[in-house]
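These notes are about the structure you will find just below.
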Amino acid sequence: MIKATINKVEIEVPEGTTILDAARKANFAIPTLCRHPDLTPGGSCGVCVVEVEGFPALRRACMTQLEKGWVVSTNTARVRNARREIVDLILSDHDADCLTCIKNGRCELQDVARVVGIKDVTNQGKNHKKAIDRSRVALVRDPNKCILCGRCITVCSDIQTVNALTLDGRGFDTSVSTVLNQGMGNSACVNCGQCTVFCPVGALYENSQTDEVWKALNDPDKHVVVQEAPAIRAQLGEEFGMEPGTIVSGKLHAALRRMRFDAVFDTNFTADLTIIEEGTEVVDAIKTGRSLPIITSCSPGWIKFMETFYPHLRGHISTAKSPQQMFGVLAKTYYPEVKGIPAEKIVSVSVMPCTAKKFEAQRPEMWSSGFQDVDYVLTTRELARMMREAGLDLKDMPDEPADDPLGEYTGAATIFGATGGVMEAALRSAYFLVTGRELENVNILPVRGMTGVKEAEVPVDGLTLKVAVAHGLGNARKLLDKISSQLAETGKSEYHFVEIMACPGGCVGGGGQPWGSTMAQRARRGEALYEEDASLPKRRSHENASVAVLYEKFLKTPNSEKAHHLLHTHYNARSKVDGKVVKED
Amino acid sequence: MNIARSHVLISIDAGTIMAGARGVQAELVEEIKKKGLSGEVAVLETGNLGVTGMGVVLVVYPEGFYYGNVTKEDIPEFVEEQLLKGRLVKRLLLTQAPKRFIIRREKMGLTKEQPRIVLKNCGFINPESIEEYIAAGGYEAASKALTAMTPEEVIGEVKRSALAGRGGAAFPTAAKWEFARKAPGEEKFIICNADEGEPGTFKDRLILEGDPHKLLEGMLIAGYAVGASKGFIYIRGEYALSIERTEKAIADARSYGLLGNTIFDKPFGFDIEVMKGAGAYVCGEETALIESLEGHRGHPRNKPPYPVVSGLWGKPTVVNNVETLANIAEIVRNGANWFKQYGTPKCAGTKVYTILGHVATPGLIETEMGTTLRDIIYDYGGGIGDGKQFKGALVGGAAGAFLGPDMLDVQMDFVNLKEYAAALGSGAILVMNQDTSMVDMLKSVLHFFKHESCGHCAPCRLGTARLVEIVDRIADSEAKADDVDRLLAIASVMKDTSFCPLGQSLYLPVSSCLKYFREEIAGS
Amino acid sequence: MSDQHTCACADAQEEELYPKLSEIVEGNRGKPENLIMVLHKAQNLFGYLPKKVQQIVAEGLGLSLSQVYGVVTFYSFFSTSPKGRNTIKVCLGTACYVRGGQQALGKVENELGIKVGGTTEDRRYSVDVVRCIGACGLAPAMLVNDDVYGRVKTTKVMEILDRYE
C-alpha cells in the first residue's frame, strides 16, 4: 500500500494503482474519452490529465501509476482549462451533427463535452470530409465521426487478431482505415462487430435493416415471423434501464407481438435442434474415426475467421448450420407446410446479438429453402430502437410464451448465448446419444466462465471426451495454433470436441449488443443465462418435444438426407487480403 | 605513405557531393597527374571541413588556404596557379572560413587552444580509413577501458566528467548508463540516436561522415560499461553517405577484431548494426525510435517505464545521441579532469553547432560550453554580413527557441539556458538579419510541426493543424482579433498535455517568438 | 513515347522484379522487426510499394497486410503510388522556406500540373518536399534525383527540369 494526496485528501491504495482508479476511490471523477476498462490504455485523447507536483507537464491519469507521497490535483484551473481545450480541439474536427447521429444520447464524446463544460467550439478550421464506408454488409464506418481514440484498432488487432483496421497516414491526416482505404468489405474483417461495441462515438455501427422490417410488417401480403437468439434475453433489458443480466424472454415475446409480428418464435428452438444434429455428428465422428476434433459452427464471425486464417481446418468444422440458419430454413419449409401458408409470403426476421449474422444470412449457401432463408437480421440495438419507436417499454411488458411449432426450448438452448454453453448443451445430449442414459449432473462447470481457453474431460462410458472452449478470436487463435500443430505433427489432436465463439464472453458479448459493454457486464449476462437454464423444467435438448415432432413429421432422423440437405452447409477458403472466397484448385 | 610537400584536402560529405565533389576530385587527381605533380601533392578525402553552403571545399596544407565553390572547370587553373606556381586563386578563396580556426586562437592570446573533442578528426583524417583513425589514437580508449578498467570504473570516469546528453534533455550520461547497468536482465542494448531531424541541424551527419569510428568506439565503451552486447545506430534515412560510411566503418572494425564476439581477448563481445530511418521526425524521440527499430509506426511510448529499464524488446536500453557518444573515447583516454578543463564549472566540455542563415560564413563549429551567442555569430560566423543588423536567432531548429538581441551575451550552456536545453542540444543556430519576417519564420516552424506530428494524441494532432491555420491567417493579413492569443493558448495546452516531447516542445518556439516579436506578429 | 507504352513497359519490368523481392523476403522470413529495412529494399527495387509487394512482405515476415500498410503510410519515405523517372524534391527546411522554397515549389506544381506527392501522367516527374537537407547556404535548394540546385529562382525552375528526360 502507498500513501498519497489527491486534492488535499490523503489516500492509501495498493502499489500499481493508476491515478484514475485512486481518484475514483477517493470519490473524484476524472473524465476520460479514449480509455476503456477492458483495453490497455493508449493515452491518445489526453482528457484525463491531472497535475502532479514536481512534474513540468500534466500527467495522464489513466496510464500513470500513483507513487508514494505524490501530491495530485485533478480539478485545478490549469487542469480544467487543458481538458476543455483538448475537447474543443477534438470537436473542431468532428462531424457534430448530433441529432441525426446513431449515438445521439449514448455518445461518450457528448458526455465528456458536457462534463468539461464546452459552451462553444473556439477552434474552428479544416474538417476532414471522408466517404462513409458501406462496403461491408454488416457494418458501417463513418470516418467523419471518428476521434482516433484507437479502441477499434486495439480490439480488432489485440483481442480479435483480425487486423482489418489500421491507422493510415500520419499527423492531422491520420485516419482509421483499411488497406488502401478499400473498405471493410474488401478486408479481412469477419463482421464480429466488436469495434462497434467499443467505439465511443458514432463512427462504427451496424448496417441497420429496421426500415426493411417495418416495411414488411406493414405489408398485408406478408407473413412476418421472428426468432430471437438465446443471448438477447440476457441484455435487451439493459437498453430499457434494467440491470445487466435480467432475463426478459417472456417480455420479449410480448413486445414482438405488439410490434405486429405474425408469429413470434424463438431461436432457442433451433438451438436445441442444432445440438441434436451436431451432437449426432460428433458421436458419429468418434465412432467412424473421422479426424478429430469437431469444432462448432454457430458463430458466423468465427466461421469467416476460420475460412480466412485456418482454411486447412475446414474439414473439422461441424457441417451443422447455426441455429439462426436452421430456423430460417424451417420457417420457409416446415412452417408453411404445417400452417398451409405459401412459402413466398413468409418474411423471416431474426434478432441477434451479432453483426456477423447479417453477413451469414446473405451467404449464397443460405438459400436451402429455395429463398433467402433469413431475410433480415436485427441486432439487439436495432430491436431496442424499433421498440422505442413503437412506443413499447420492455419493463412494462407481460411475460408471454413463444408460438408453436418453433417456440419451445430447453435450458440447454438458453446457455448457447454464453461461452461454453454450446459445449455444455452438446455434452448433455451426447452422453445420452452414446450411452442411452441421462447425464446425472448437467452442470459442467469447467467450461463456464470468462477464462479465455477452457478445457474439460468428461467420462462417457469407457471413453474420456476431451473438450476445449475458446471465446474471442485471439484466444481461438491460441487454441487453433495448438490443434494445427498437433495435427501437423501427429495427425491427431488431443481434443474430441471444441467450441469457438468469435466474441469475448460468447454471444452475450456479441457485436450487436448494447453500446459500451464491458467484460464485467458480459460475465453477468452469461451468469443470467445459466440461471434461466437452472430454472427450466427441461435442460437437455433431446427433451424438447417440439423438436421430436419436427423429426417425426418432417426430418425423419438426425443427420438424415433431408436434414443434411436443409440443415447442413459447407465452408470456403478466403483471402486474407480482401476476405473474398478463393477458388479451389 | 608518401611524403608530399603539399596536401589538398577535399571535403566529401552529403552537401559537397551534391555540389559535385566527386567530379572535382577525379578532375583534380587527373590534372595533378597531367602536370606531373603526383609525387609532390597528395589529394586526401575528408569529411566536412567546417564550411557548408560553399559548394565543393578544398583546403591546401601546409598553408591552410580554404577554397570554396570549386567546380571541375576551375581545376586546371587551381592546379596551375596554386599547386604549381604557389599563387592564390583569389576568386575562389574563402577569406572568412580559415578564421574560424585562427582568429579564435589569436583572440584568446594563444593561451588556450580552442578545443576540438568531438570534431577532433573531422576534416583531418580520411573517414573511410580505420588505419588513419587508429594512427590518430583511435581505439586506444576502448583498449584502456576494456583491458584496464572495470565497467564501474568506466561509468565512474564518465560520471566525474559530468558529461550530459547532447541530444537535448541534458541528462547525465553516466546516470543513464548506471540505471541500465543495474536494471535486471541478461540482454541489454545501446542505441545511438542519429535520427537528426531538426531543420538546420546536421552536426550528427557530419560526425558520422567525418569520423564514424569515433562513434563506434564510444558505443563499444558504452556497451562494455552497461553490459550490452548489441548496439544499433538509427540513422536518418536521408543520410545516405552517413549510412554508407558507418557501415563501412563497422565492417572494418569487425575485421580488426574491434567488434565481434571477443574484443581485446576479453570475454566481452559487442556488435553494431545500422538501421535506416524512413522519414519521420518523431523517431528522434527515444521511445518512438525504439518502436521504429522494432518495425512499427513511430508512435512514442508512455514513460515510465523508461528505456533504461524497459526499452528495445522490453530490455534495458541506453539511447544516446551521436555527439554524446563521440565524446566518450576522449574522456576515457584523457580522463575526466582533462575534459572538465573545457566549458563552464557546471557544464563541462564542448558543444557542436551548425551556424546558418544570415552570417558571412555558415558552417559547423565546436566550441566550449559557455561561449556566448555573440562570439558564435561574430567570431565563428563572421558576423551578420551585408552590413545588416542582427534581429534574432532560432537556436535548436523548429523545436528551438527564438533568441533576441538581449540574449547575445548570455553564456550558452545547458545550465544557463535550462529552459532552452533541448534547443541547445540540436545545436542549430539560424541567424536572422533585420530583413527577416518573423511571421514567415513562425509559419515555417508550425508547418514543420504539423507535417511531423505522428497523429497519436489529440492535442498535437489537432493543435498543430489549428496553429498552422492561425499562422497562415496572420501571414495573409486575415487574422482574427484573438488569433495571437490563441497561438499561445493552444501551444501552452500542447506543452501540458501532448503525449511526447514533440508536441510539448512546440511551446518553446511559439512563446519565444511572441516574447521578442509579438508586435510584428500581431501587426501583420 | 505514349503513356500506354510507358506503363506496359513499367509493368513488364515490375514482373521481373518479383523473384528479387522473394529473395529479400526469404532472408527475413518470420522477422517482423525487419519490416522497415525490407520495405526500404522493396521500394529501391520497385520505386514504390504496390499492394502486391506489401502483401508478399506481410506474408513473409509474418505480419498482416494492414500492419504493413500502417507502417508504409506512416513514414514519408514510402510511397504506395509509382514515382516518375525523375524525382524532384524541394527543400522546405526553415532556411529554404524563408528564402522562397514555397514559391519554387508552387512553380514546379503549376508547370507540371501536379501536387506534392504526385507524378506526371507520362511518369517523367514526381514532386516531393524534403525536410532540411543541410544545404541551407544554398537556399532555396531543390534536388532533382541526386543533383542539388541552389538558389533556385522561379524563373529558372523549368530550365532545370527540362534537362531531365
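Just so it is clear, none of the values below were taken in a lab; they were calculated from the coordinates. Note that the coordinates shown come from a computational prediction; the quantities given were computed from them, not determined experimentally. Glycine also receives a Cβ, built like all others from the backbone with ideal geometry; neighbour counts cover every protein chain displayed.
Run down the lysines and flag those whose C-alpha is under 23 Å from the C-alpha of B:LYS515, throwing out any fewer than 8 positions away in its chain.
B:LYS388, B:LYS391, B:LYS418, B:LYS443, B:LYS450, B:LYS480, B:LYS495
Along each of the three principal axes of the Cα atoms of segment C:49-157, give the extent in whole Å, ordering the values from largest to smallest.
Principal-axis extents of segment C:49-157 (Cα, largest first): 49, 29, 19 Å.
Amide H of A:ILE346 versus every other amide H placed in the peptide plane: which residues, excluding those fewer than 5 positions away on the same chain, fall under 5 Å?
A:HIS223
How high is the relative contact order of chain A, given as a whole-number percent (alpha carbon pairs under 8 Å, six or more residues apart)? Show your work: numbers first, answer last.
Values: 1206 pairs, mean separation 93.9, N = 585.
About 16 percent, as a whole number.
Using Cα pairs under 8 angstrom and six or more residues apart, how large is the relative contact order of chain C, in percent? Numbers along the way, then the final one.
Details: 236 pairs, mean separation 31.9, N = 165.
Taking the mean separation of contacting Cα pairs over the length of chain C, I get 19 percent.
FRET efficiency for B:ASN334 and B:SER129, Cβ-Cβ distance as r, R0 = 22 Å, nearest 0.05?
Computed FRET efficiency for B:ASN334 and B:SER129 comes out at 0.45.
Cut-off under 19 Å on the C-alpha distance; same-chain residues fewer than 8 positions from C:LYS52 excluded. Which aspartates and glutamates are left, in chain and number order?
A:ASP168, A:ASP578, C:ASP11, C:GLU14, C:GLU15, C:GLU16, C:GLU23, C:GLU26
Along the Cα-to-Cβ line of A:ASP221, 7 Å from the Cα, sits a label point; which residues in segment A:253-285 have backbone N less than 19 Å from it?
A:262, by backbone N distance to the label point.
Let me confirm one metric for peptide B:354-361, namely the mean number of other chain beta-carbon atoms within 10 Å of its residues' beta-carbons. Before the final figure, lay out each step's value.
Details: counts 3, 1, 8, 7, 2, 1, 0, 1.
Mean partner-chain Cβ count within 10 Å for B:354-361: 3.
Taking 0.36 nm per intervening residue step and subtracting the Cα-Cα distance, what contour gain separates C:GLU165 from C:LEU45 on full extension? Spell out each step's value before the answer.
Details: separation 120, 0.36 × 120 = 43.20 nm, distance 2.06 nm.
Between C:GLU165 and C:LEU45, full extension yields 41.1 nm more.
Please identify the helices of chain B, taking whole runs of DSSP H, that span at least 20 Å along their own axis as judged from the Cα atoms and have a mean Kyte-Doolittle score of -1.0 or higher. Intermediate results must be reported in sequence, preceding the final value.
Numbers: long enough: B:212-226 (21 Å, 0.75); B:240-255 (23 Å, -0.36); B:438-452 (21 Å, 0.23); B:458-475 (25 Å, 0.54); B:483-497 (21 Å, 0.37); B:507-523 (21 Å, 0.11).
Membrane-span-like by this rule: B:212-226, B:240-255, B:438-452, B:458-475, B:483-497, B:507-523.
Count the net charge of all other residues whose Cβ sits under 11 Å from the Cβ of C:THR94, scoring Lys and Arg as +1 and Asp and Glu as -1.
With Lys, Arg at +1 and Asp, Glu at -1, the neighbours total +1.
If you project the alpha carbons of segment A:340-473 onto the principal axes, what extent comes out on each, in Å, largest first?
Extents along the principal axes, in whole Å: 53, 37, 33.
Residue by residue through segment C:108-121, which ³J(HN,Hα) values in whole Hz follow from phi under the Karplus form 6.51 cos²θ - 1.76 cosθ + 1.60 (θ = phi - 60°), with glycine and proline marked x?
Karplus values, whole Hz, x for Gly and Pro: 4, 4, 5, 5, 8, x, 9, 9, 3, x, x, 10, 5, 4.
Amide H neighbours of B:ILE12 under 5 Å, at least 5 residues apart or on other chains, H built in the peptide plane: list them.
Long-range HN contacts for B:ILE12: B:THR46, B:GLY47.
Taking the Cα centre of segment B:438-523 as origin, sum charge times position over the Cβ atoms of Lys and Arg (+1) and Asp and Glu (-1), and report the length of that vector in debye to the nearest 20. Walk me through the intermediate numbers first.
On the way: 10 positive and 12 negative charges, 58 e Å.
So the magnitude is around 280 debye.
Consider just the alpha-carbon atoms of the protein assembly as shown and return their Rg together with their Dmax, both in angstrom.
Expressed in Å, the Cα Rg and Dmax of the protein assembly as shown come to 35.5, 117.
For segment B:438-523, state the semi-axes of the equivalent ellipsoid (square roots of 5 times the eigenvalues of the alpha-carbon gyration tensor), sorted largest first and rounded to whole angstrom. Show your work: numbers first, answer last.
Working: eigenvalues 83, 31, 24 Å².
So the equivalent ellipsoid measures 20, 12, 11 Å along its semi-axes.
Given DSSP loops and a limit of at most 10 other Cβ atoms within 10 Å, what is the longest stretch of chain B that contains no such GluC sites (Glu not before Pro)? It would help to have the intermediate numbers written out before the result.
Numbers: sites that count: B:GLU113, B:GLU186, B:GLU478.
Answer - B:187-477.
When a/c is below 1.5 the answer is rounded, else prolate if a/b is larger than b/c, else oblate, so apply that to segment A:2-90 with a ≥ b ≥ c taken from the square roots of the Cα gyration tensor eigenvalues.
Values: a/c = 1.87, a/b = 1.31, b/c = 1.44.
It is oblate, given that a/c is not under 1.5 and a/b is not larger than b/c.
Can you work out the FRET efficiency for the pair A:ALA488 and C:GLU59, with r the C-beta to C-beta distance and R0 = 22 Å, to the nearest 0.05?
Details: r = 19 Å, r/R0 = 0.85.
Efficiency, from the Cβ-Cβ distance: 0.75.
In nm, what is the difference between 0.36 nm times the number of residues separating A:LEU445 and A:ARG80 and their Cα-Cα distance?
On the way: separation 365, 0.36 × 365 = 131.40 nm, distance 4.91 nm.
The span from A:LEU445 to A:ARG80 would gain 126.5 nm if fully extended.
Under a point spin-label approximation (7 Å from Cα along Cα-to-Cβ), what is the B:TYR256-C:TYR18 distance to one decimal in nm?
With each label point 7 Å from Cα toward Cβ, the separation is 4.7 nm.
Quick one: net charge of A:LYS466's neighbours, Cβ under 9 Å, K/R +1, D/E -1? Spell out each step's value before the answer.
Values: positive: none; negative: A:GLU455, A:GLU457, A:GLU494.
Around A:LYS466, the charge tally is -3.
Step through the residues of segment A:303-317 one at a time and calculate ³J(HN,Hα) from phi using the Karplus curve (6.51 cos²θ - 1.76 cosθ + 1.60, θ = phi - 60°), rounding each to whole Hz and writing x for Gly and Pro.
4, 5, 4, 4, 4, 7, 9, 10, x, 5, 9, 3, x, 8, 7
Can you order the peptides A:504-510, A:521-527 by their average number of other Cβ atoms within 10 Å per residue, highest first?
A:504-510, A:521-527
Among A:CYS48, B:CYS513, rank each residue by its count of other Cβ atoms within 10 Å, from fewest to most, as a rough exposure measure.
B:CYS513, A:CYS48
Could you tell me which of rounded, prolate or oblate describes segment B:6-95, using a ≥ b ≥ c as the square roots of the eigenvalues of the alpha-carbon gyration tensor, with rounded for a/c under 1.5 and, failing that, prolate when a/b is larger than b/c and oblate otherwise? Please list the in-between numbers first.
Values: a/c = 1.55, a/b = 1.34, b/c = 1.15.
Note, shape of segment B:6-95 comes out prolate.
Determine the shielding of peptide A:172-181 by partner chains: average, over its residues, the number of Cβ atoms on other chains within 10 angstrom of each Cβ. The partial results should precede the final answer.
Working: counts 12, 7, 8, 2, 0, 4, 3, 14, 8, 2.
Partner-chain Cβ atoms within 10 Å, mean over residues of A:172-181: 6.
So what is the calculated 222 nm ellipticity per residue for chain A, using -39500 (n - 2.57) for each DSSP H run with n of 4 or more, over all residues, to the nearest 500 deg cm²/dmol? Write down the numbers at each step before the final one.
Working: 20 runs with 193 residues, N = 585.
So the helix-based figure for chain A works out to -9500 deg cm²/dmol.
So what's the gap between the Cα centers of segment A:437-491 and segment A:120-198, to the nearest angstrom?
35
How would you classify segment A:518-568 from its alpha-carbon gyration tensor, with a ≥ b ≥ c the square roots of the eigenvalues: rounded for a/c under 1.5, else prolate if a/b is greater than b/c, otherwise oblate?
Values: a/c = 5.29, a/b = 2.05, b/c = 2.58.
Here segment A:518-568 falls in the oblate category.
Averaged across the residues of A:47-56, what count of C-beta atoms belonging to other chains lies within 10 Å of each residue's C-beta? Mind dumping the intermediate values first?
Numbers: counts 3, 1, 4, 0, 1, 0, 0, 0, 0, 3.
Partner Cβ neighbours, averaged per residue: 1.
Considering only lysines 8 or more places apart in sequence, or on different chains, count the pairs in segment A:481-585 whose C-alpha atoms sit under 29 Å apart.
11
Quick check: net charge around A:GLU400, other residues with Cβ under 11 Å of its Cβ, Lys/Arg +1 and Asp/Glu -1?
On the way: positive: A:LYS251, A:ARG257, A:ARG258; negative: A:ASP399, A:ASP403.
Neighbour charge sum, excluding A:GLU400 itself: +1.
Which of A:SER541, B:VAL359, A:GLY125 sits farthest toward the positive end of the charge dipole of the protein assembly as shown, with +1 on the Cβ of Lys and Arg and -1 on the Cβ of Asp and Glu?
Positive-end residue among those listed: B:VAL359.
Starting from the Cα of A:MET242, step 7 Å along the direction of its Cβ; do the same at A:THR464; then give the gap between the two resulting points in nm.
4.3
How large is the direction-averaged shadow of the alpha-carbon convex hull of chain B, in nm²?
Details: hull surface 97.1 nm².
In nm², the orientation-averaged hull projection of chain B is 24.3.
Let's test the formula: R0 of 45 Å, r as the Cβ-Cβ distance of B:ALA522 and B:SER143. What FRET efficiency results, to the nearest 0.05?
The calculated FRET efficiency here is 0.15.
For the protein assembly as shown, give the magnitude of the charge dipole about the Cα centre (Cβ charges: +1 Lys/Arg, -1 Asp/Glu; no others), in debye to the nearest 20.
Result for the protein assembly as shown is approximately 1800 debye, rounded to the nearest 20.
Tell me the mean residue ellipticity at 222 nm calculated for chain B from its helices only (DSSP H runs of n ≥ 4, each -39500 (n - 2.57), averaged over every residue, nearest 500).
On the way: 20 runs with 209 residues, N = 524.
-12000 deg cm²/dmol, from helical runs alone.
Place a point 7 Å from the Cα of B:LYS182 along the Cα-to-Cβ direction; which residues of segment B:125-160 have their backbone N under 17 Å from it?
B:151-160
Using amide H atoms built in the peptide plane, which far-off residues or other-chain residues are under 5 Å from B:ASP413 H to H?
It is B:GLY370, by chain and number.
Could you run the Karplus curve 6.51 cos²θ - 1.76 cosθ + 1.60 with θ = phi - 60° over segment C:61-71 and give me ³J(HN,Hα) per residue in whole Hz, x for Gly and Pro?
For segment C:61-71, the Karplus-derived couplings read 7, x, 10, 7, 4, 5, 5, 5, 4, x, 6 Hz, x marking Gly and Pro.
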